[in-house]
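Following this message is one structure expressed as structure tokens.
The values are calculated or read from the model by the stated rules, or taken from the named source; none is laboratory data. Just so it is clear, the model here is predicted, and its values are computed rather than measured. Quick reminder, even Gly has a Cβ in these numbers, built from the backbone with ideal geometry, and neighbours come from all protein chains shown. Surface accessibility is based on the protein's heavy atoms, side chains included, excluding ligands, DNA and RNA. Shrake-Rupley method; radii C 1.70, N 1.55, O 1.52, S 1.80 Å.
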Amino acid sequence: MMKILLIGSGGREHAIASTLVRSKNVQLFALPGNPGISRTAQIVALDTKKYQEISNFCLENSIDLVVIGPEQPIADGLSDALRSNGINVFAPSRSAAQLETSKLFAKQFMEKYAIPTARFRAFDKSQKQAALDYIRESNLPIVIKADGLAAGKGVIVANSFEEALKALEEMFSGSFGSAGEKIVVEEFMQGEEASIFAITDGNNFVTLAPAQDHKRILDGDKGKNTGGMGAYCPAPIVTFEVLEKVKSLIIEPTLKGMIAEGHPYIGCLYVGLMIDEGNPKVVEFNCRFGDPETQAVLSVFDGDFAELLFSAAKGELNISAIREISRGYATCVVLASEGYPDKYETGFEITGLDEISDNVIVYHAGTKEINGKIYTNGGRVLGVTAFGATLKESQKNAYNAVNNIHFQNIYYRRDIAAKGLKNNN
Ligand code: AMP
Ligand code: GLY
């Protein structure tokens, strides 16, 4: 019996939980979990910020593996705290997580190890004039990023000098807290985005099904940036040749470089790519699985996921734990509360969750359960994820399932996976 503690409460963690319990002989605990996760895991009632208590729980309950879903506890040092108590952790150390938590660290690292990415310059608060001069001399659009974690809001793609100036003022004025004390100004990259997850023990790695996220709120990739409105995989834009380039030009030098820097990277390395005419460049690294890509990627994963993560955490990646990276295709449509990513109401009952067919999994993200009924409890509420033998079929199955689910103020995009179908033609 493998005892696993999963940290997190979103749709990504529900997908991780469902995939872990598909492995034989797994007993799953979750902190804090959500109503969907509670169907497969025992919820642990501990304060997610009290790392010593979490360590004690693991030691007292002989937990074999801790899997950390979100970036914040990794950035706050939870992996290090657990490892110092001899506990196996699938997540990078706080210093390895700088690939996500500091844009500047990531850019300087990529420059040093010649990993393809957008050209950039870094500035701190005292260099505002130099930053302005640099922006004035650059081509538009230009991209301005706060150095630190800013919950997806720290990146501005400016189409005019005025917009760039506004972004700069905002970041240096402290509206992103310490995240905005340093900024990175970088060249705008043309192309189409894709996300690739590498599962790694520090030395060896395996990539899961390449996915595409849909970050904007409106159809056709218009409107505000969100945490992600849907995803699908495998993404046809990541051809065999593109994937080989990503492995040899990006993932391999990144893992070697992190060892050379003294921060070996163990866990899931999320590589956010811009692909232009078959050439991948890094948009960003994340130190964890992506949300909602994971909901699609793990739905097509065939193998012993618990063994895969456990072996990576121990430094002995067991690739034979995978039978197939992708069994067919999956599309995940996020059902959100109208108004998200700004103001929205919650507390509406969700119906239709019991009328879901075999080829669909509904992952919970922002829900709560009261007396056996499920209610909306967040901006992104559910991730309706369907399989199919083809991408088109998985898309059709997902939207058919969406039609059965009801709650007041429901909002979702109607074009999830359309980009992939266009590339398939
Ligand atoms: P990031 O948080 O770095 O992933 O940036 C958020 C989003 O901004 C990305 O998903 C891209 O859509 C866009 N973006 C960031 N950097 C660039 C760039 N250099 N060129 C074009 N788009 C970018
Ligand atoms: N889907 C984007 C992210 O997880 O950061």
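Shape of the stretch 331-370 from its Cα gyration tensor (a ≥ b ≥ c, root eigenvalues): rounded if a/c is under 1.5, otherwise prolate when a/b > b/c, or oblate?
Oblate shape, in that a/c is at least 1.5 and b/c is the bigger or equal ratio.
Suppose R0 equals 41 Å; then what is the FRET efficiency for E192 and K373 from their Cβ-Cβ distance, rounded to the nearest 0.05?
0.50
Find the centroid of the Cα atoms in the stretch 391-425 and in the stretch 1-49, then give the distance between the two in whole Å.
What the calculation gives is 27 Å, centre to centre.
Take every Cα-Cα pair in the stretch 368-425 and report what % of them are more than 13 Å apart.
67
Pairs to check: K145/K368; K107/K215; K50/K215; K182/K419; K145/K419; K215/K396. Give those whose C-alpha atoms are more than 29 Å from each other in this structure.
Distance filter (> 29 Å) returns K145/K368; K50/K215; K182/K419.
Then there's this: Of the accessible area of the chain, with the probe set at 1.4 angstrom, what percent is carbon plus sulfur?
Answer for the chain: carbon and sulfur cover 47 percent of the accessible area.
Using θ = phi - 60° and the Karplus form 6.51 cos²θ - 1.76 cosθ + 1.60, what ³J(HN,Hα) does each residue of the stretch 155-167 get, whole Hz, x for Gly and Pro?
10, 10, 9, 9, 9, 9, 4, 4, 5, 5, 4, 4, 4
Could I ask something else about it? Could you tell me the largest-minus-smallest coordinate of the C-alpha atoms of the chain on each of the three principal axes, in descending order and whole angstroms?
The principal-axis extents, from largest down, are 59, 47, 42 Å.
Using label points projected 7 Å from each Cα along Cα→Cβ, tell me how many nm separate L218 and Y411, to one decimal.
1.1
Turning to a different aspect of this structure: Using the Karplus curve 6.51 cos²θ - 1.76 cosθ + 1.60 with θ = phi - 60°, work out ³J(HN,Hα) for each residue of the stretch 257-270 in order, rounded to whole Hz, and write x for Gly and Pro.
x, 5, 5, 4, 7, x, 10, x, 9, 10, x, 9, 9, 8
Now a separate question. Quick check: from the Cα gyration tensor, does the stretch 1-137 come out rounded (a/c under 1.5), prolate or oblate? Please list the in-between numbers first.
On the way: a/c = 2.65, a/b = 2.41, b/c = 1.10.
Prolate is the answer for the stretch 1-137, as a/c is 1.5 or above and a/b outweighs b/c.
Can you list residues whose amide H is under 5 Å from L382's amide H, if they're 5+ apart or on another chain and H is modeled 1.01 Å from N?
L335, A365, G366
Still on this structure: Which cross-chain or sequence-distant (5 or more) residues have an amide H under 5 Å from the amide H of L6, H modelled 1.01 Å from N in plane?
Amide H neighbours of L6, under 5 Å, 5+ apart: F29, A30, L31, V67.
Then there is this: Could you pull out which residues in the stretch 157-172 have an amide N less than 19 Å from a spot 7 Å beyond the Cα of S126, following the Cα-Cβ vector?
172
Gain in length, N139 to S173, computed as 0.36 nm per residue apart minus the alpha-carbon separation, to one decimal in nm?
9.8 nm is the gain from fully extending N139 to S173.
Add -39500 (n - 2.57) for each DSSP H run of 4 or more in the chain, then divide by its residues: what number comes out at 222 nm, to the nearest 500 deg cm²/dmol?
-7500 deg cm²/dmol
With a/c under 1.5 counting as rounded, go ahead and sort the stretch 116-164 into rounded, prolate or oblate using the C-alpha gyration tensor (a ≥ b ≥ c being the square roots of the eigenvalues; past the cut-off, prolate if a/b is larger than b/c, else oblate).
Numbers: a/c = 1.42, a/b = 1.19, b/c = 1.19.
Since a/c stays below 1.5, the shape of the stretch 116-164 is classed as rounded.
OK, next. Please list, in chain and number order, the residues 5+ apart from G230 or on another chain whose amide H is under 5 Å from its amide H, with Hs placed from the backbone.
Under 5 Å from the amide H of G230 lie the amide H atoms of H214, V334, each far enough along the sequence or on another chain.
Over 5 Å intervals from 0, what percent of Cα-Cα pairs in the stretch 255-343 sits in each interval?
For the stretch 255-343, the pair-distance distribution reads 3, 11, 13, 19, 21, 17, 9, 6, 3, 0.
Can you give the extra length, in nm with one decimal, that the chain gains between F348 and E53 once fully stretched, where that is 0.36 nm per residue apart less the Cα-Cα distance?
102.8 nm
Got a sec to turn the phi values of the stretch 298-311 into Karplus ³J(HN,Hα) couplings, 6.51 cos²θ - 1.76 cosθ + 1.60 with θ = phi - 60°, whole Hz, x for Gly and Pro?
7, 5, 9, 5, 10, x, 9, 5, 4, 5, 4, 6, 4, 5
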